[in-house]
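Worksheet: one structure, shown below.
Read the figures in this text as sums done on the coordinates, not as results from a lab. From a predicted model like this one, the values you see are computed outputs, not experimental measurements. Counting neighbours? That spans all protein chains shown, and the Cβs are built from the backbone with ideal geometry, glycine included.
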Amino acid sequence: MCYSTSMSTLITRALIIAFALLLLANFWSGITITGLVPALIAGAVIGVLNTFVRPILVVLTFPITLLTLGLFIFIINASLVYLAARFVEGFSVTSFGAALLGSIFISIVSAIANRFIS
């Protein structure tokens, strides 16, 4: 039963991220998505990266995160969005600044959605 809950949580987060990416791509030119399928794939890739890669990066970069009072987490999140754009065809990010803004927007939308889901 725990496995299905974890899988449904991962799918829900991927859908939330896909929605946030579509919303951001419609209002800002720094991130482009060519359709719904690339948005869903990008949401899934970002969700998987956040689930498996982000915790490792957070542990490895703990000293610099501590020195920057937690602001380095934004750099980690932006790097993961930028990396996802490299993997997913139809999802592109023009610059690291665009990835940073996109990751902040995704975080805000995810936080709001998670309040209603949980």
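What the table shows:
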| quantity | calculated |
| --- | --- |
| Any hit, the range 32-52, residues being more than 16 Å from Arg13 (Cβ to Cβ), small (Gly, Ala, Ser) and touching a Gly at 6+ places or on another chain (Cβ under 7 Å) | yes |
| Tally of residues being assigned to a helix (DSSP H, G or I) and either closer than 18 Å to Thr51 by Cα or in contact with a Gly (Cβ under 9 Å, 6 or more places away or on another chain) (or both) across the range 87-104 | 8 |
| Evaluation of Ile41 against (1) crowded, with 18+ Cβ neighbours inside 10 Å; (2) of a type outside the set (Phe, Trp, Tyr); (3) at positive phi (one fails), failing number | (3) |
| Residue among Leu40, Leu49, Leu24, Leu15 that alone is part of a helix (DSSP H, G or I), in contact (Cβ under 8 Å) with a residue 60 or more places away in the chain and not charged (D, E, K, R) | Leu24 |
| For Leu36: the one exception among (1) buried (at least 18 other Cβ atoms within 10 Å of the Cβ); (2) over 19 Å from Ala113 (Cα atoms) | (1) |
| Failed criterion for Thr65 (all others in (1) within 13 Å of the chain's Cα centre (by Cα); (2) surrounded by 15 or more Cβ atoms within 10 Å (Cβ to Cβ) hold) | (1) |
| When residues of the range 75-91 are limited to those that are crowded, with 18+ Cβ neighbours inside 10 Å and in contact (Cβ under 8 Å) with a residue 40 or more places away in the chain, the one nearest to Phe62 (Cα to Cα) | Ala84 |
